[in-house]
Each structure stands twice: as C-alpha cells, then as structure tokens.
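Engineer: Please find one structure pasted underneath; my questions will follow.
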Amino acid sequence: MKKIVVENLKYRYPSTEKLALDDISFTINQGEFIGIIGQNSAGKSTLCQALVGLVPHFYQGAYGGKVIVDGIEVKQSSISELSLKVGIVFQNPFTQVTGSKLTVYEEIAFGLENMGLTRIEMLERIDSVLDLFDITAVKNRNPFDLSGGQMQRMAIASIVAMKPDVIVLDEPTSQLDPQGSEEVFRAIGELSNQGMTVVMVEHKIEKIAEYSDRVLLLHEGKCVDFASPADIFSRDDLHEYGVVAPVYTRVCQALKQKNIDKKTYPATLSEAVEVLRGKIHD
Amino acid sequence: MIKVKDVSFSYQAGTEIIKDITLHFDQRSTAIIGQNGAGKTTFVKLLKGLLKPSSGDIIIGDSSVNETTPATLAKQIGLVFQNPNDQIFKRSVLEEVLFGPLNIGQNPELAKENALNALKMVGLENRLEVNPQDLSLSDKKLLCIASIIAMDTNIIILDEPTIAQDHLGKQKIKEIIQSLKEKQKLVMTIIHDMDFVAENFERTIVFQQGKAILDGSTREVFAESDILAAARVEPPSITQLGYWLGYKQVFLTEKELIETIKTDSKIAL
Amino acid sequence: MKALTLYEDRNTFIHHVHPINKLIYIFIIIVVPLILPLFPVLIAGIIMNTVLLLIANVFKKSLPIFGFVLLILLTVLIIQGLFHAENATPLFHLGPLLFYKEGFFYALQITLRVLNIVAAFMILVLTTKPSDLVETLVRKGLSPKIGYVLQSVFQIIPQMLSTMETISDAQRSRGMETEGNLFVRIKAFLPLLGPVVLNSLIQTRERAMALEVRGFSSLRHKTFLNEVKNYRYTTFIQFTLWLVLLAAIIWRVVL
C-alpha cells in the first residue's frame with residue numbers, strides 16, 4: 001500500500017535563489033524503513049520538513065508539485081491535522097522540550113493531550129514508550145535535567161506515543177552513545193515491522209545500511225537514486241555525492257567479493273561476514 | 001603535558017561525578033570515550049579550569065589549575081565546544097577567529113597570521129567577511145575549531161567534533177588532527193564515533209561512572225572486548241568485522257584488514 | 001534545574017483548597033475594604049491572612065516578602081505622616097519630626113491594604129503548584145496558548161540563564177577574563193548578550209515547530225493527563241466567600 005507519494009516536488013526557501021528540492025518524485029509503501037543519505041546541504045532536512053507539512057506551512061517560499069501522505073495532500077492540510085498521521089523528530093532534542101511540563105512523564109503527554117485522548121489511553125501509551133526507549137528510570141525528572149542522549153530518547157518517545165502512521169526522524173541519534181543509538185535503531189526497526197512507516201536521515205551509514213529497506217540518495221536537491229542498501233552502496237560513483245559506503249562494503253569492494261547475486265557488494269556486517277568467511281578459513 | 005592527580009568532583013556532596021582519577025597526558029593524541037553520563041564532559045571542564053576539583057589537583061605545564069583562572073589557562077589549552085552556537089558571537093568569520101588570539105595577548109600581526117592559517121586549515125579562507133550565522137551548522141563547527149587552533153595552544157580538546165559532519169567534513173577534521181599532531185600538539189577529544197577514534201587517535205581512555213576504567217593504546221583498548229561491553233562501548237565497525245571473521249588481532253583501519261585477508265591467500269585476487 | 005517558583009510542597013488544608021477559591025479569596029480581600037473602608041475590616045483581613053499562612057505552614061516563607069513590602073510602605077508612612085495635604089492634628093514627635101494624625105492614618109490604611117493583598121497573593125502562590133493553577137484555568141476556558149506561555153516562562157528563563165553560563169564558559173575558554181572587579185565583569189557580560197539573544201531566537205523558532213508537530217494548534221478538544229485534583233470543601237468555601245461579599249454589601253447599604 002502506498003503511504004507516501006511525492007510528485008515533482010520543488011521547493012525554494014524565501015530569499016534564496018537555488019532550489020532546495022529540485023523535482024523530486026518517489027513513493028514509499030506502508031511499513032517500509034527508508035534511509036535518506038547525502039552530504040550536508042543536499043536537502044535532507046528540507047525533504048523531511050516537506051513530508052510533515054512544515055514546508056510550506058511553516059516556511060514560506062516557492063513550492064511546486066505534490067506530497068501526499070496517506071491520501072492527504074500536505075499542502076491542502078494543516079500541520080496540526082497532519083501531526084495525527086505523520087510525526088517528526090528533529091536533530092536538536094533541547095528545542096523539542098516544550099518547557100511547560102515539569103516531568104518527563106507529563107512532557108510525553110503533551111501531544112496526547114492535544115490529540116484529546118482519554119487519561120487511561122495516555123497512561124498506557126506513555127508507559128509503553130518509556131519502556132520501549134528505556135527512559136522509565138527518569139520519568140519523574142524535569143525534562144531539562146536529562147542528558148542529551150536521554151533527551152533525544154524522550155523526543156522520539158514523545159512522537160512515537162502519538163502513534164503516527166509515518167515517523168520522520170532527522171538525525172535522531174546524534175547525541176547518543178553507540179549502544180544507545182543501536183537501541184534506538186532497534187526500537188524504530190521494531191515499530192517499522194509492526195507497520196509504522198519510517199523515514200530516517202542519518203550520517204551513521206553502517207546503521208542505515210543495516211536497518212533500511214531502501215535508501216534514498218539525495219544530491220543538491222535531486223533524488224539521485226532510490227534502491228536497496230546493497231544497490232546504493234555498490235555504486236562506484238558514491239564519492240561524487242559526498243557519501244561513503246559502509247566499511248563492510250568498502251572492504252568487500254577492495255577484495256572484489258560480491259553478494260551471491262553477483263551484482264552487489266555486501267552492505268552490512270552479517271552480509272560481509274557471510275561472503276568473506278568461507279573464503280578465509282576452512 | 002597534563003598531570004591529573006587524585007581528582008574527584010561533585011556538584012552536590014554525596015554524588016561524585018568524577019571519582020579519584022589519576023592520569024598523565026603526553027603528546028599522544030587521545031580519545032576519551034564512554035557512555036552518556038560517564039563524566040567525560042565534566043572531566044574536560046576540570047582540565048580547562050571551568051570547574052574546580054573537589055579534591056586533588058591538575059597540573060598543566062607547570063601551573064596548577066586550582067590557582068589559575070580559565071582565562072589564564074587559555075594560553076595553554078583550547079576547548080572547542082560541542083554546540084557552535086554557544087561559542088560564536090562576532091559578526092564576521094575573521095573577527096571570530098581573531099578573538100581568542102588577541103585575548104591571550106598575541107600581537108595583531110601574529111594573530112592575523114594565525115587566524116588566516118587556521119581558516120585555511122578548515123577551508124573557510126575565502127569567507128572571511130561572511131557573518132558566521134549564515135554558515136551551515138557543519139561550517140560553524142569548523143569555524144569554532146579554527147578559532148581555537150588560531151590561539152596556537154599546546155593542548156586542544158574537541159568535544160564531539162564529528163556530530164553533524166558528513167563524509168567531507170569528517171575528512172577535513174581528520175586532516176586537521178593530523179597536522180596538529182605534526183606540530184607536536186596534544187589533541188584530545190570526547191567522542192561517540194568509534195570508527196573515527198580507531199582511525200585517528202593513538203591513545204584511548206574509557207570512562208565509566210566517573211572512573212577511567214581502561215587506558216592504553218587504541219588497539220590495546222579495543223582488544224578488551226569484555227570490559228568494553230560492560231562499559232557499554234561498541235568497538236569500531238572494522239574491529240567487529242575482523243572479530244566476526246575469526247581473527248584474533250584487533251584491526252583499526254580498513255587497510256589493515258584488507259591486507260591481512262589478501263595475504264591469507266585463500267581468495268584468488 | 002530549578003524552575004522559577006515559590007511553591008512550597010506541603011500537605012495542609014490550604015494546599016487542598018481549589019485554586020479558583022484562592023483567586024476568589026484574593027478578589028474578596030481587595031474588594032471588601034473598598035466597600036467597607038473601616039480599620040477593623042482591614043485588621044480582620046490581616047488576622048485572617050496570618051492565620052491562613054500559619055495553617056498552610058508557609059508563614060516563615062512569606063516573611064522576607066513582607067519585609068521587602070514593609071520597607072517600601074515605611075517610606076509612604078513617613079512621607080504622608082509628615083507632609084499629607086490635610087495634616088492638621090499633631091500625633092507624635094520622633095526627634096525633631098512631627099507626625100500628623102491625618103496623614104499617618106491615611107498611610108496606615110494604604111499599608112494595611114497592600115499587606116492584605118500581598119498576603120492573599122502569597123497564599124495562592126506559596127500553596128498552589130503553578131501547573132495546577134494554569135491547568136485549572138485552561139479547564140475553565142483559558143486559551144491553551146496563554147496557558148502554555150504562563151507555564152513555560154517559569155522554565156525557559158532559568159534555561160536561558162544556563163545557556164548564558166555555557167556561553168560564558170566558551171568565552172572564558174578563549175581567554176576572556178570574567179573574574180575580578182565590576183568593570184571586568186561588565187566587560188565580560190556584554191559580549192554574552194549577542195549569542196544569548198540569537199540562541200533564544202533560534203530556539204524559539206525550533207520550539208514553535210516542535211510544538212506544532214505535536215498538535216498544539218489542533219482544533220480537537222484537549223484532554224488532560226492529570227485528573228482534576230480532589231480539592232476539599234470547594235462548594236462550601238466558595239459559598240462562604242460569596243456570602244462574605246454579600247454581607248459586606250448589605251452592611252454598606254444598611255448603614
């Protein structure tokens with residue numbers, strides 16, 4: 001089932017000349033985990049904001065084409081109506097703290113109160129996301145007293161609790177230690193398995209390769225390619241887009257060891273181990 | 001270059017964030033790693049004199065941190081903050097980079113020379129008159145690095161330098177670290193990016209709950225997989241690949257692993 | 001982080017009084033002496049307020065604020081006692097100064113009124129969690145946006161101060177002297193303002209986006225995580241308060 005349809009999307013920020021998004025078209029199916037990669041200023045964050053309606057509702061500017069999420073055309077809807085269908089987590093966890101709540105527990109409830117959920121429903125959802133993102137221990141703390149990593153988990157939990165059909169995450173693990181970001185990826189992966197559609201921007205390329213069903217490569221506002229991680233990372237022109245393949249792919253490329261399909265190189269640790277192991281040891 | 005003797009620190013009595021740390025820093029480039037909340041940032045603030053130890057002493061060069069102000073220490077030790085917005089306040093890129101050197105008493109000509117060299121290192125030499133607020137986040141970060149390098153201190157600490165950097169940005173930071181090393185400077189970092197640690201730092205110290213639980217060459221440290229797991233530190237990707245391929249040795253770079261596999265000649269290459 | 005609040009978390013009868021009743025109480029304390037401008041009424045108010053502050057176990061907490069207010073009122077007392085336009089009857093000497101009855105009692109009346117109003121506000125502020133108060137008002141129909149501003153200001157200001165600390169750290173790190181005499185401190189303080197203001201502008205914009213995507217402007221009927229607290233004797237207290245007002249009006253009309 002098509003969840004997100006983007007047709008010839010063009011966008012230019014006010015008082016700039018260059019298009020931030022330049023004629024982008026793609027579709028995303030329900031339950032897919034999509035990674036967006038590209039160098040800085042490729043348009044990744046702008047694309048995220050276009051999926052949730054911040055472009056063009058919050059940022060003005062020249063807008064063309066269509067973004068349709070779950071049958072609703074973003075431009076014709078409003079941010080708060082869209083917020084029930086599609087959630088977004090931003091890079092900076094600090095500015096995602098509302099500032100009006102005194103505990104992590106109440107903070108997560110903020111969106112749920114705006115949705116008009118019953119108290120019972122709220123309690124259930126909050127307990128479940130606290131557990132999923134491993135922040136139950138800090139639930140009574142003031143949100144501003146959390147570490148960057150904990151704040152980032154709380155920001156994600158606050159959106160996941162709203163149970164949107166689609167969740168967009170813009171570098172959601174930048175402040176987390178490796179274990180912490182692995183846990184977050186795993187939790188988001190689990191949500192995607194349960195049917196939530198995930199769109200994630202991340203520089204942690206090894207994790208993107210491991211968790212994404214498909215990867216969208218952006219460059220200067222254009223969609224260069226949108227394919228499986230193995231296909232994307234096997235491209236030999238990646239460096240032209242300021243992107244580097246996962247270390248596993250690079251090792252296999254150097255050793256000229258392809259996947260069984262004979263076309264692509266391994267993109268993940270387990271694929272690389274599978275391809276290489278038999279050939280080194282008996 | 002830095003001697004840390006029995007240093008403890010707590011904001012409130014009873015909850016020590018740094019527990020009795022003794023460390024000596026020489027010229028080896030050093031990465032401090034560990035889980036969120038392990039005390040890494042607090043430790044760096046102590047080195048910089050922004051916080052004073054509850055007990056113990058830190059000697060930088062030949063002066064004790066306890067007896068100097070951060071402003072005086074600035075001649076010897078530079079710190080690049082994690083969030084560039086906390087640091088930038090001048091109206092042009094050049095002024096921003098000149099601020100530190102002039103503050104610590106470099107004469108204007110030397111300051112300008114240092115500033116221009118530092119900006120060249122980070123690739124912002126053609127944007128001297130630009131307002132820093134118009135730069136992208138990653139360029140702002142590079143600007144902050146330049147504004148510390150220009151102070152020409154013997155010790156430079158980078159707080160999470162690779163956050164928000166793409167491949168190109170990381171390459172640049174890698175080159176900067178390399179050239180600082182060549183100038184005999186001590187480069188330290190607090191960082192979560194283990195792949196970056198493996199490629200760029202000679203020495204690694206692991207923090208856990210306010211203590212330095214592991215300290216050694218980066219290769220030695222990443223060999224201690226059990227202790228690392230307990231401290232919730234994930235080894236670099238290349239180290240993991242080597243491990244899962246059944247190698248006993250610890251790999252830190254792609255090149256090492258590729259060479260080893262090539263010589264392990266079962267593959268017809 | 002400490003939020004900006006004077007609230008004292010105690011478990012007393014006053015803490016369990018409905019915030020709206022505390023607001024009505026403030027109203028009564030302001031209005032009744034206007035209807036009945038008599039000294040005994042003001043004195044009764046002082047006694048009532050003192051008793052309530054004592055019951056709420058926050059009397060000590062309120063003393064510094066009263067001290068501050070009294071200090072200002074003392075100047076009123078002196079000026080009016082000496083120079084009030086209708087001064088005619090000498091009251092007492094204080095050294096070479098002669099205080100007059102008219103001005104002195106006029107000032108005393110003002111003093112008692114102000115003290116009463118401050119005390120009534122203290123009862124509200126010291127015994128009511130700000131979030132409970134705002135939430136109660138939002139439930140009663142206050143716009144959630146105004147409610148948000150009222151609640152967030154208590155947290156965002158301390159947060160700005162801590163950002164300022166970080167920025168100051170960054171500048172000290174680059175050799176700016178911030179310790180020393182007043183001149184050094186002022187010189188160090190000014191460069192902080194640019195980044196602080198800019199930072200807050202950036203943060204405000206980002207925060208506005210973050211609130212929007214959590215449905216802040218949604219037209220749906222808003223619900224609350226916290227249950228309505230079980231406040232004590234709400235109807236009875238409210239009834240009594242209105243009765244006092246009514247009694248004051250009747251007294252005024254009849255006398």
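The values are calculated or read from the model by the stated rules, or taken from the named source; none is laboratory data. Keep in mind it's a predicted model, so treat the numbers as computed, not measured. Backbone-built Cβ (ideal geometry, glycine too); neighbour counts: all protein chains shown. Heads up: the accessible areas ignore ligands, DNA and RNA and are worked out on the full protein's heavy atoms, side chains in. Shrake-Rupley method; radii C 1.70, N 1.55, O 1.52, S 1.80 Å.
Engineer: Assess whether C:Met160 counts as being open to solvent by less than 20 Å² (accessible area, probe 1.4 Å) and under 33 Å from the mean Cα position of the chain (by Cα).
Structural biologist: Details: open to solvent by less than 20 Å² (accessible area, probe 1.4 Å): no; under 33 Å from the mean Cα position of the chain (by Cα): yes.
Answer is no for this residue.
Engineer: Right, another one. Please state which of the following conditions A:Val201 fails to meet, knowing it meets all the rest: (1) over 15 Å from the mean Cα position of the chain (by Cα); (2) at pLDDT 95 or above.
Structural biologist: Unmet for A:Val201, out of (1) over 15 Å from the mean Cα position of the chain (by Cα); (2) at pLDDT 95 or above: (1).
Engineer: A further question follows. Could you please give the count of residues in segment A:107-125 that are more than 7 Å from chain C (Cβ to nearest Cβ) and surrounded by fewer than 23 Cβ atoms within 10 Å (Cβ to Cβ)?
Structural biologist: 5
Engineer: Being more than 14 Å from the chain's Cα centre (by Cα), surrounded by fewer than 22 Cβ atoms within 10 Å (Cβ to Cβ) and either assigned to a helix (DSSP H, G or I) or without any contact (Cβ under 8 Å) to a residue 12 or more places away in the chain (or both) is the filter here, so list the residues in segment B:159-178 that pass it.
Structural biologist: Listed by number, the residues that qualify are B:His167, B:Leu168, B:Gln171, B:Lys172.
Engineer: Can I ask one more? Any residue in segment A:10-32 that is crowded, with 18+ Cβ neighbours inside 10 Å sitting within a Cβ distance under 6 Å of a residue that is part of a strand (DSSP E or B) and among the polar types (S, T, N, Q)? List the pairs, counting only those 6 or more apart or interchain.
Structural biologist: The qualifying pairs are A:Glu32/A:Thr197.
Engineer: Give just the number: which of (1) over 17 Å from B:Ser136 (Cα atoms); (2) open to solvent by 30 Å² or more (accessible area, probe 1.4 Å) does A:Ser41 not satisfy?
Structural biologist: Result: A:Ser41 fails condition (1) only.
Engineer: Would you please name the residue that is nearest to A:Asp236 (Cα to Cα), looking only at residues in segment A:258-282 that are at the interface with chain B (Cβ under 7 Å from one of its Cβ atoms) and not charged (D, E, K, R)?
Structural biologist: Residues of segment A:258-282 at the interface with chain B (Cβ under 7 Å from one of its Cβ atoms): A:269, A:272-273, A:276-277, A:279-281.
Next cut, not charged (D, E, K, R) only: A:269, A:272-273, A:276, A:280-281.
Values: A:Leu269: 20, A:Ala272: 18, A:Val273: 21, A:Leu276: 20, A:Ile280: 25, A:His281: 29 Å.
Checked segment A:258-282; the qualifying residue nearest to A:Asp236 (Cα to Cα) is A:Ala272.
Engineer: Quickly run through segment A:62-105 and pick out the residues that are aliphatic (A, V, I, L, M) and within 14 Å of chain C (Cβ to nearest Cβ).
Structural biologist: Initially, segment A:62-105 is screened for residues aliphatic (A, V, I, L, M), giving A:62, A:67-69, A:72, A:74, A:79, A:82, A:84, A:86, A:88-89, A:97, A:102, A:104.
Passing the criteria: A:Val69, A:Val74, A:Ile79, A:Leu82, A:Leu84, A:Val86, A:Ile88, A:Val89, A:Val97, A:Leu102, A:Val104.
Engineer: While we're on this one: Taking the condition of being more than 13 Å from chain B (Cβ to nearest Cβ) and either among the small types (Gly, Ala, Ser) or in contact with a Gly (Cβ under 6 Å, 6 or more places away or on another chain) (or both), how many residues in segment A:18-40 meet it?
Structural biologist: First, pick out the residues of segment A:18-40 that are more than 13 Å from chain B (Cβ to nearest Cβ): A:18-19, A:21-35.
When the remaining residues are screened for being either among the small types (Gly, Ala, Ser) or in contact with a Gly (Cβ under 6 Å, 6 or more places away or on another chain) (or both), the result is A:19, A:21-22, A:25, A:31, A:35.
Here the count works out to 6.
Engineer: How many of the residues in segment B:123-149 are hydroxyl-bearing (Ser, Thr, Tyr) and either assigned to a loop (DSSP other than H, G, I, E, B) or in contact with a strand residue (DSSP E or B) (Cβ under 6 Å, 6 or more places away or on another chain) (or both)?
Structural biologist: Looking only at segment B:123-149, we keep the residues that are hydroxyl-bearing (Ser, Thr, Tyr), and these are B:136, B:138, B:147.
Next, from what is left, pick out any that are either assigned to a loop (DSSP other than H, G, I, E, B) or in contact with a strand residue (DSSP E or B) (Cβ under 6 Å, 6 or more places away or on another chain) (or both): B:136.
So the answer is 1.
Engineer: Taking segment A:178-209 on its own, how many of its residues are more than 17 Å from A:Tyr248 (Cα to Cα), outside any helix (DSSP H, G or I) and not charged (D, E, K, R)?
Structural biologist: 8
Engineer: Among the helices (runs of 4 or more DSSP H) confined wholly to segment B:9-107, which include 3 or more residues that are surrounded by fewer than 23 Cβ atoms within 10 Å (Cβ to Cβ) and within 14 Å of chain C (Cβ to nearest Cβ)? Talk me through it step by step, then tell me what you get.
Structural biologist: On the way: elements: B:40-47, B:70-73, B:93-103.
In segment B:9-107, the matching helices (runs of 4 or more DSSP H) lie at B:40-47, B:93-103.
Engineer: May I ask you to list the residues in segment C:227-255 that are under 30 Å from A:Glu121 (Cβ atoms) and surrounded by fewer than 16 Cβ atoms within 10 Å (Cβ to Cβ)? It would help to see each step written out before you state the result.
Structural biologist: The initial filter retains those residues of segment C:227-255 that are under 30 Å from A:Glu121 (Cβ atoms), namely C:227-232, C:234.
Within segment C:227-255, C:Glu227, C:Val228, C:Lys229, C:Asn230, C:Arg232, C:Thr234 meet the criteria.
Engineer: Yes or no: A:Gln96 under 30 Å from C:Thr5 (Cβ atoms), of a type outside the set (Val, Ile, Thr) and in contact with a helix residue (DSSP H, G or I) (Cβ under 7 Å, 6 or more places away or on another chain)?
Structural biologist: Values: under 30 Å from C:Thr5 (Cβ atoms): yes; of a type outside the set (Val, Ile, Thr): yes; in contact with a helix residue (DSSP H, G or I) (Cβ under 7 Å, 6 or more places away or on another chain): yes.
Against the criterion (under 30 Å from C:Thr5 (Cβ atoms), of a type outside the set (Val, Ile, Thr) and in contact with a helix residue (DSSP H, G or I) (Cβ under 7 Å, 6 or more places away or on another chain)), A:Gln96 qualifies.
Engineer: Within segment B:202-256, count every residue that is farther than 24 Å from B:Ala38 by Cα, among the β-branched types (Val, Ile, Thr) and assigned to a loop (DSSP other than H, G, I, E, B).
Structural biologist: The qualifying residues number 2.
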